[in-house]
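K.L.:
Take this structure first; my questions come after.
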Amino acid sequence: MDDYRITLHVYNTTKERLRCGQILCKDFDTLQVGEIVEPGATKTYYAKTNDRVFCDFVGMESGTLYRLAMTCPRSSSNSACGYGSAGLQPYTRTGYAEFKFDIGHKDLADWNHGNSYEGDTVEYGDC
């Protein structure tokens, strides 16, 4: 997995199936629109890009939308954020990026803070 700059772990803490609704800006190499994450399951996805990647997961019964954003640039710090209850967990801002989202929980980190939540985000879909 040495070629991958971003490793994304999606843990579905909700009681419903989640479906990937869209992927914006750059693609994941292993995540496709329509992918399902079952309740209680964790799935891992990889991307080779160093650009921004946005994706969302939708609760298949409730329609609840969970938006995720992330990047692993070569010349600056790693960043990620969730919008609402995407559940971004603390992450390292240097080296290859590994982001975990516990979907259904509140965010514990944000775009400018890998170890704390201050509420910083980037506009969703801002490539």
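The values are calculated or read from the model by the stated rules, or taken from the named source; none is laboratory data. These numbers come from a predicted model, not from an experiment. Cβ atoms come from the backbone with ideal geometry, glycine included; neighbour counts cover every protein chain shown. Keep in mind that these areas ignore ligands, DNA and RNA; they rest on the heavy atoms of the full protein, side chains included. Shrake-Rupley method; radii C 1.70, N 1.55, O 1.52, S 1.80 Å.
K.L.:
With a cut-off of at most 11 other beta carbons within 10 Å, and DSSP calling the residue loop, which GluC sites (Glu not before Pro) in segment 20-99 qualify? Please list them.
P.N.:
61
K.L.:
Are there cysteines in the chain with no second cysteine's Cβ under 4.7 Å away, and if so, which?
P.N.:
Lacking a cysteine Cβ partner under 4.7 Å: 20, 55, 72, 81.
K.L.:
Continuing with the same structure: Using alpha-carbon pairs under 8 Å, 6+ residues apart, how would you state the relative contact order of segment 36-108 in percent?
P.N.:
Over segment 36-108, the number comes to 21 percent.
K.L.:
Another question, if that's okay. Among 83, 66, 45, which one shows the biggest mean-square fluctuation in a GNM of the chain, springs joining Cα atoms closer than 10 Å?
P.N.:
Greatest mean-square fluctuation among the candidates belongs to 45.
K.L.:
Restricting to the chain, what percent of DSSP beta bridges are antiparallel, rounded to 5?
P.N.:
75 percent
K.L.:
Now a separate question. Averaged per residue, what accessible surface does segment 1-117 expose to a 1.4 Å probe, in Å²?
P.N.:
Accessible area per residue, segment 1-117: 48 Å².
K.L.:
Using a 1.4 angstrom probe on the protein heavy atoms only, could you order 70, 60 from most to least accessible area?
P.N.:
60, 70
K.L.:
Another question, if that's okay. In debye, nearest 20, what is the charge dipole magnitude of the chain about its Cα centre with +1 on Lys and Arg Cβ and -1 on Asp and Glu Cβ, if you could check?
P.N.:
The calculation lands at about 120 debye.
K.L.:
While we're here: Would you calculate the convex hull of the Cα atoms in segment 1-60 and tell me its volume per residue in Å³?
P.N.:
Considering the Cα atoms of segment 1-60, their hull volume per residue is 67 Å³.
K.L.:
Taking θ as phi - 60°, what are the ³J(HN,Hα) couplings along segment 47-57 by the Karplus curve (6.51, -1.76, 1.60), each to the nearest whole Hz, with x for Gly and Pro?
P.N.:
9, 8, 5, 9, 8, 5, 10, 10, 8, 9, 10
K.L.:
Report the residue, chosen from 81, 25, 72, that carries the largest GNM mean-square fluctuation when the chain is represented by alpha-carbon nodes joined by springs under 10 Å.
P.N.:
25
K.L.:
Per 5 Å bin, what percent of the C-alpha pairs of the chain does each bin hold, from zero upward?
P.N.:
Taking every Cα pair in the chain, the percentages come to 2, 13, 24, 26, 21, 11, 3, 0, 0.
K.L.:
Quick check: at a probe of 1.4 Å, how many percent of the accessible area of segment 78-118 sits on carbon and sulfur atoms?
P.N.:
That share works out to 45 percent.
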